[in-house]
């Protein structure tokens, strides 16, 4: 051996810096037994099974936390070590289970706990060392004639805990703390009396568990398990795909099996279990409650399974042939009667890139209109526009990998642990490992507990707050002068602008104390560079574009944009909202954000598409709905969006939909929007189709079907292709990959190097312009796409919802962890047990002043509508601020939201609505009527 080598069981191995003996042995395919070790976790060193001998010394060392050093001669399986391991395993069997309480088997699920395959690791060790195997419950059966097992905690809709199988190895505890950052578990007592406990609760249901399931995957004995693993029949196949919930884009391993339908008694292939892909760049094997467990919707009995046609007030099933012919003829008829701009399309952020691309292409090249928009309009359009103005491209400049590299993380208007849980967990771990954290949010979100400072501002006052932070950073010379001189324009003008700001005046506007503003500025400036995370709390405002631009000013001043571990990282809400916009789901840009009026672009597209629409931008979603209400828009095609529930000013939206001559909806269920349709097309869910999604860090990933769509449901792209052909197009796409090949040709500057053959494993991040390009993790690294970055001076304009007489509260709408968007999918899973209704969060002091008690029905009135919901007293809220979700259609949250839009992006204002509260004795009865 040389001075950079060691040997394990006589095999010479090169030393890798920072590697342990256990990790080195794994490289040689030498398996050292362990129970408490977990990949990616700090070594526990508690189970002592991984003891090895080094240099023939008498005292063995733990391989899991002992560094391998040059010159070591390591033995892993000597007779002495094997005898020691057998003794340790015997102690587990003899000491940990003798005094546990027992109860009779009461269900098949309890029976399955005894034979659960998850206990394989521990059982295999017992077998290897010739010891009695699990189930341990059988050890007690000789004392009674009835078969008995330990009491099982089945209080949670997903998770299960069998106390008598727990060996207190602490693997679940370390996993919970070091991956999710949730600190659910603890160990009570010592020695043989030690026992796993659930934080502040006495069982899973009462604990702070967020149902991520990471502990389930790590538990070596099956003590912690879940409903999916206990109930699953033999697995037939495992498919790797991408999650279809939020825009994080976690990679999944989806297990399927034959399951008997209790109604028809027929068997069908169903998704029975989901795990994370361990080496995925996005999620590192981790998942949230939605990605891992909320999959039952895909075989829900109320899935749409065949096309429906409205006849009077009812729907009748029709064939695909009839549906295609009807849609094609009606669209062409309305175009002929009223012109192409009497029609419009809403492309889907829940469906694939290929489906979004084809629908916008159909409307642009066949119908001839730019009336094409997507849900990014009502969520991220302000962010995209702002980023494009100041950097040259309207997407994240950073990647999720920058979270671990960041010295300072700033989060403004986002709640990652609820809306983007895997990103939220990664941020937690980064902060626990030393990164500074600044939270800017009207609510005391979970991450505020980890923050160095929390600026709890009045909603819709981001602009003056960011300007004030910029003023302090400049005044205290915490700027990157070289970066500003070489890469940014507008610095002198911006300095003159912020110099006139009065910090006390900003504090009065924002409700944030001057010393806290100064502290946040110093933390950001002292870090050198920072990762600026943002969400809808910046974009869904009348000053949405301005909020994001002034936030980007902080990134410019600190030299953060284009740097590793830093930059702008807006979080995307739906699984493919980034891709939907990329594909041309915007009325003012072609695919790849190419301008409508560029001669070069138009000549290029004319060769690929044939006909093109005019150079005039089409209507946005709010404008199309306004047009529908007045009769200007006669037909709409809504792809996978429930706008009747999700869009603002719900009364107006429903009236507009009801006034249409023709409405086509592609959906999984008969949603609130689909109820207004003239033709409903049954869609395939993300677990049932092939295509691609693009996540919030611009990562294009391959989506693969794990199961077939139910009965006659079809992928969106296929339905669009067939309707286009019926309208006279010569579309020859046989597969989604053929569509992606065309996308690469249409926008080669972003997607020229993207093809299905290259989308293996973690996919590619655009820009990816050529076949040998490896994708881009950091945008603007060599310089801004627009030439130089732009600092912009923007004055604060108060929200039209601020200071409204008789409406003293400011309402914010948003999501919770357990549900996704309007709840169409998650309400059809056990997630609806975790959160069964929308609740109005209100500070206890405000509640006391209004005479409101917890869970009391409250009438909320805005200038646009009123609803009745139950109150939830919460100290997350600032005084005078309320929060309400929109996951349940019976709540009608968007009756309260009004017509206000950002004047540039046309993004609605969801994050600041003036309301008042009313409590009456008869509200209990009103609530019963409202909720049926």
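The values are calculated or read from the model by the stated rules, or taken from the named source; none is laboratory data. All figures in this text were calculated on a predicted structure; none of them were measured in a lab. So basically every Cβ, Gly included, is an ideal-geometry build from the backbone, and we count neighbours across all protein chains shown.
Scanning the range 673-720 for residues being under 30 Å from residue 394 (Cβ atoms) and not in a helix (DSSP H, G or I) gives a total of 21. Can you tell me which residues in the range 157-198 are assigned to a loop (DSSP other than H, G, I, E, B), on the phi > 0 side of the Ramachandran plot and over 26 Å from the mean Cα position of the chain (by Cα)? Selection gives 168, 170, 189. Going residue by residue through the range 441-452, is there one that turns out to be touching a helix residue (DSSP H, G or I) at 6+ places or on another chain (Cβ under 8 Å), assigned to a helix (DSSP H, G or I) and surrounded by 23 or more Cβ atoms within 10 Å (Cβ to Cβ)? Within the range 441-452, one or more residues are touching a helix residue (DSSP H, G or I) at 6+ places or on another chain (Cβ under 8 Å), assigned to a helix (DSSP H, G or I) and surrounded by 23 or more Cβ atoms within 10 Å (Cβ to Cβ).
Taken over the range 406-425, the criterion of being within 13 Å of residue 565 (Cα to Cα) and within 21 Å of the chain's Cα centre (by Cα) is satisfied by 406, 409, 410. Evaluation of residue 389 against the conditions (1) buried (at least 24 other Cβ atoms within 10 Å of the Cβ); (2) over 29 Å from residue 841 (Cα atoms) shows that the sole unmet condition is (1). Here the condition is being in contact with a helix residue (DSSP H, G or I) (Cβ under 9 Å, 6 or more places away or on another chain), under 26 Å from residue 459 (Cβ atoms) and not assigned by TED's automatic domain parsing to the domain that holds residue 450; of 384, 355, 414, it holds for 384 alone.
Looking only at the range 814-825, decide whether some residue is more than 18 Å from the chain's Cα centre (by Cα) and modelled with pLDDT of 95 or more. There is no residue in the range 814-825 that is more than 18 Å from the chain's Cα centre (by Cα) and modelled with pLDDT of 95 or more. The residues on offer are 727, 740, and the sole one that is surrounded by 17 or more Cβ atoms within 10 Å (Cβ to Cβ), within 14 Å of residue 356 (Cα to Cα) and either in contact with a helix residue (DSSP H, G or I) (Cβ under 9 Å, 6 or more places away or on another chain) or not assigned by TED's automatic domain parsing to the domain that holds residue 325 (or both) is 740.
All of 254, 272 fail the test of being surrounded by fewer than 24 Cβ atoms within 10 Å (Cβ to Cβ), within 30 Å of residue 403 (Cβ to Cβ) and touching a strand residue (DSSP E or B) at 6+ places or on another chain (Cβ under 9 Å), apart from 254. Quick check on residue 621: is it touching a residue at least 12 places away in the same chain (Cβ under 8 Å) and either surrounded by fewer than 21 Cβ atoms within 10 Å (Cβ to Cβ) or more than 30 Å from residue 785 (Cα to Cα) (or both)? So residue 621 fails the test. Being in contact with a strand residue (DSSP E or B) (Cβ under 9 Å, 6 or more places away or on another chain) and part of a helix (DSSP H, G or I) holds for only one residue in 584, 627, and it is 627.
Of all the numbered requirements in (1) more than 30 Å from residue 548 (Cα to Cα); (2) modelled with pLDDT under 95, residue 787 misses one, and that requirement is (1). In this structure, residue 316 does satisfy being touching a strand residue (DSSP E or B) at 6+ places or on another chain (Cβ under 6 Å), modelled with pLDDT of 95 or more, more than 24 Å from residue 823 (Cβ to Cβ) and assigned by TED's automatic domain parsing to the domain that holds residue 621.
The residues of the range 9-22 that are under 15 Å from residue 62 (Cβ atoms) and either more than 35 Å from the chain's Cα centre (by Cα) or part of a loop (DSSP other than H, G, I, E, B) (or both), listed by number, are 19, 21.
Per-residue answers, yes or no, for (1) part of a loop (DSSP other than H, G, I, E, B); (2) touching a residue at least 60 places away in the same chain (Cβ under 8 Å); (3) assigned by TED's automatic domain parsing to the domain that holds residue 181:
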site: 24; (1), (2), (3): no, no, no
site: 29; (1), (2), (3): yes, no, no
site: 35; (1), (2), (3): yes, yes, no
site: 40; (1), (2), (3): yes, yes, no
site: 56; (1), (2), (3): yes, no, no
site: 64; (1), (2), (3): yes, no, no
site: 69; (1), (2), (3): yes, yes, no
site: 83; (1), (2), (3): no, no, no
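Scanning the range 430-440 for residues that are out of contact with any strand residue (DSSP E or B) (no Cβ under 6 Å at 6 or more places or on another chain) and not in a loop (DSSP other than H, G, I, E, B), we see that the one that is farthest from residue 529 (Cα to Cα) is 432.
When restricted to residues that are in contact (Cβ under 8 Å) with a residue 60 or more places away in the chain and assigned to a helix (DSSP H, G or I), the range 475-495 contains 7. Strands (runs of 3 or more DSSP E) fully within the range 202-265 that include at least 1 residues being assigned by TED's automatic domain parsing to the domain that holds residue 160 and under 30 Å from residue 762 (Cβ atoms): 224-226. Could you pull out the residue among 214, 223, 231, 281 that is surrounded by fewer than 20 Cβ atoms within 10 Å (Cβ to Cβ) and more than 26 Å from residue 684 (Cβ to Cβ)? It is 281. When 579, 562 are screened for being outside any helix (DSSP H, G or I), under 32 Å from the mean Cα position of the chain (by Cα), in contact (Cβ under 8 Å) with a residue 24 or more places away in the chain and within 20 Å of residue 785 (Cβ to Cβ), only 562 passes.
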